[in-house]
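To start, the structure itself, in C-alpha cells.
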Amino acid sequence: CATVTYDFDIGWTYANPDGQQTRPVIGVNGQWPVPPIVATKGDRVVVNVKNSLGNESTSLHFHGLYQNGTTHMDGPVAVSQCGILPGSSFTYNFTVDQPGSYWWHSHERGQYPDGLRAPLIVHDSEDPFQDQYDEEIVLTLSDWYHGRMQDLLKGFINIANPSGAEPVPQAALMNDTQNLGIKVQPGKTYLFRLINMGAFAAHYVWFEEHMMRVVEVDGVYTEPTEAEMLYVTAAQRYSVLVTAKNDSSANFAVVGSMDQDLFDAVPEGLNPNVTGWLVYDDTKPKPAPKEIEAFEPFDDYNLVPYDKEQLLDRVDHSITLDMKMDNLRDGANYAFFNGVSYVSPKVPTLYSVLSTGANATNPIIYGSNTNSFVLGANEVVEIVLNNDDPGKHPFHLHGHAFQVVTRSEDDAGFYDPSNVTALPASPMKRDTVLVRPNGHIVLRFRADNPGVWLFHCHLEWHVASGLTATMIESPLDVQQQLSGKIPADHLKVCDAGDVPTAGNAAG
Ligand code: C2O
C-alpha cells in the first residue's frame, strides 16, 4: 500500500461555471474546480491543509469514509476538531479500506457550496465488476448559487423568512460546467461514477437511449440492477455501467434535472437541467434533450448489496428522532429533532469524550443542544426517523453505512412497527438516504466503529438550521484509542480560539 499526499492551500478565487455570473469561489492552490482525491483501497491519505481564506475558518470531511480508529480525522467543526483558522495549517492523515465513490467537502458552516467540494475515488484491485468495463468516468452533479453562502445564510435564518424557504439555486452543473462532452467509443462499456455534490437539489439523472446498470451505491457494491433514471439526492453516489452503441451516427444527451419539488417557489427563467453529451462523433450535432413527461426514477430501496449481507435482526438500541421545522423566539425558522435544534458546543464533542473519563458514557455531559446519543460497543442500533415536515430530506450518518430497513411513501406518517409485514432479507446499504415528505425511515447499523459521528440532513440549509444529532459510539474505546494521540496541529487551532462556526444562535 502507498501513501497519497495532497497539499491544499485553500483560498478565494473567481469562477463562472454557468456562464451567467463570475463570483468568488473557494479554490485550492489558486484553482477552481478543486482537485479530486484519488487513492487505492488500503492506501494512506495525507491532506496538508493551509487556510488562506483570510475571513473564514475551514475544515475538510471525507464523506462516506468510516475513519475507523481515526475519528479525529473526520472533519466536522465542533465535533471532531476546531475550525482551521485563517492562516493556520492542519493535516488529515488516515487509511482507506473501502472501495468506491465518495467525495470530500468542507464541514465548516455553510461552506462547501461556495465550491470547496470534489470527488474522492477509491480504486479496488478486487472490484468484482472490473472485467465488465473498459474505462471509468466521474460525473458530478451540483446545484449552483450566484451568492456567497455566508450572505445567503443571513437571509435564510432570519425573521424576514419565517417559513424557512431555502434559497433556490441559479443553475445546475455537471462536472462543474454546463458544456460537458464525454467522448465515447462504439461498443465500449463505461463505469460512470455519479456524485451529487450539491447543497440542496436532488437530481434526476438519465442517459438518453442508454440503459444504466447500477453496481455501487455510496461505496457499497450491489447486485447489478438496471435503471433508466436515477434520483440522486445531495451527497449520494451511484456507479453505473453504460455500454456505448455499436454505431457512431449520433450523439446523445446525458441529463441532470434538479427536483423542483424541493423549491418553495421556482424563479422565472430557471433552467433546472444541466445537459452533457455522450459524444460518438465530434462532427455531429449535440441534440437538446427530449421533454420528459413524468419523472419515474428507479427505487434504490430495491437494491441488494453484492455481498448479500443479512438484515441485522436483533435490535439492541432503538433511537427515535421526530423531526420538524418550526420558529424559535427570534422569529426565524429552525429544524428540530425531538424538539431540539442542534447548537455547536464550545468544545468539540470528541475532546469532551477524551477529557471526561468514565463520565463520557453520560450523554448529559455533551450539552442539551447537541442531540447526543451514547452507543455501546457492538450494539445493533436502530434509528427511526419520523419526518413531520412536508419536505424531502437526505439523511447522512458519518462513520457507517446503514441498512435501510424500511422507507415509507409520502404522507405515511410516523413509523408504527405493528404495520410492518416483511423486512428485506438483505437490505440496501448506504450512507445517505432520502426520507419522503411526512414519511419515515428505519435504519440499522452495528456500533463497531468507536468515534463521534454526526447524523444530519445533508441539505446544507438544514445543517445551518440545526437538523443534526450526535452519535457517541463506544466513548471509552475512543479514549483508549486516542488519548494523548491528538496531533499538536489539531490542538493548536483550538488554543487559538475559534471564529464563530456551525450551529445556530438562538438555541
Ligand atoms: Cu457529507 Cu456531515 O457530511
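Subtracting the Cα-Cα distance of Asp124 and Asn55 from their residue separation scaled by 0.36 nm leaves 20.9 nm. Summing +1 for each Lys or Arg and -1 for each Asp or Glu, what net charge is found among the other residues whose Cβ lies under 13 Å from the Cβ of Glu379? Cβ neighbours under 13 Å give a net charge of -2.
Stokes-Einstein D for the chain at 10 °C, 1.306 mPa s, Kirkwood Rh over Cα pairs, in µm²/s? Could you put the intermediate results ahead of the total?
Working: Rh = 23.1 Å.
Translational diffusion coefficient: 69 µm²/s.
For a 4.7 Å threshold on C-beta separation, the list of partnerless cysteines in the chain reads Cys1, Cys457.
Rounded to the nearest 0.05, what FRET efficiency do Asp388 and Thr283 give with R0 = 51 Å and r taken as the Cβ-Cβ distance? Could you check?
On the way: r = 56 Å, r/R0 = 1.09.
For R0 = 51 Å, the calculated efficiency reads 0.35.
Summary of the geometry: region 95-155 and region 225-248, compared by the centres of their Cα atoms, lie 17 Å apart. A protection proxy built from the mean count of other Cβ atoms within 10 Å ranks the segments 430-437, 114-121, most packed first, as 114-121, 430-437. The trypsin sites (Lys or Arg not before Pro) of region 171-224 that DSSP puts in a loop, and whose beta carbon has at most 15 other beta carbons within 10 Å, are Lys188.
Here is the list for region 386-419: chymotrypsin sites (Phe, Trp or Tyr not before Pro) lying in DSSP coil, each with at most 15 other C-beta atoms within 10 angstrom of its C-beta, are Phe414. The length gained on full extension between Leu491 and Lys308, counted as 0.36 nm times the residue separation minus their Cα-Cα distance, comes to 61.7 nm.
If Lys and Arg each add +1 and Asp and Glu each add -1, what is the summed charge of the other residues whose beta carbon sits under 10 Å from the beta carbon of Leu278?
Values: positive: Lys183, Lys245, Lys286; negative: Glu208, Glu209.
Once positives and negatives cancel, what remains is +1.
Just the Kirkwood number for region 3-127, please: inverse of mean 1/r across all distinct Cα pairs, in Å, one decimal.
Over region 3-127, the inverse of the mean reciprocal pair distance is 14.8 Å.
Cross-link partners for Lys245 among the lysines, with Cα-Cα distance under 29 Å and sequence neighbours closer than 8 places in the same chain left out: Lys183, Lys188, Lys284, Lys286, Lys290.
The label point for Leu476 and the one for Asp7, both projected 7 Å from the Cα toward the Cβ, are 4.5 nm apart. At q = 0.14, 0.16, 0.20, 0.21 Å⁻¹, what is the base-10 log of I(q)/I(0) for region 304-441 according to the Debye formula with one equal point scatterer per Cα and no solvent? Please give it to two decimals. Here the Debye-derived log intensity ratios amount to -0.79, -1.00, -1.34, -1.40. Take the Cα of Thr361, step 7 Å toward its Cβ, do the same at Ser89, and the gap between the two points is 4.2 nm. With coordinates expressed along the principal axes, the C-alpha atoms belonging to region 131-302 extend over 58, 37, 29 Å, beginning with the largest. Neighbour counts of other Cβ atoms within 10 Å put Thr361, Thr3 in the fewest-to-most order Thr3, Thr361. Only Cα sites of region 205-309 enter the Debye sum here, all with the same form factor; the resulting log10 I(q)/I(0) across q = 0.11, 0.14, 0.21 1/Å is -0.42, -0.66, -1.18, listed in q order. The alpha carbon radius of gyration of region 1-65, expressed as a multiple of 2.2 N^0.38 Å, is 1.30.
Counting only DSSP beta bridges with both residues in the chain, the antiparallel share comes to about 75 percent. Between the alpha-carbon centres of region 410-474 and region 346-373 there is a gap of 22 Å. Could you tell me the relative contact order of the chain? Use alpha-carbon pairs under 8 Å, at least six residues apart, and round to a whole percent. Relative contact order for the chain comes out at 16 percent. Taken over region 268-370, the alpha-carbon convex hull comes to 337 cubic angstrom per residue.
Excluding same-chain neighbours fewer than eight residues apart, the lysines reachable from Lys324 by a Cα-Cα span under 17 Å are Lys392.
Å³ per residue of the Cα convex hull, for region 361-507?
Values: hull volume 20.8 nm³, N = 147.
Hull volume normalised by residue count: 142 Å³.
Any read-out appearing in this document is the output of simple, stated calculations on the displayed coordinates, not a laboratory observation. The model shown is predicted, which means the values in this text are computed figures rather than measured ones. No Cβ is skipped: glycine too gets one built from the backbone with ideal geometry, and neighbour counts run over all protein chains shown.
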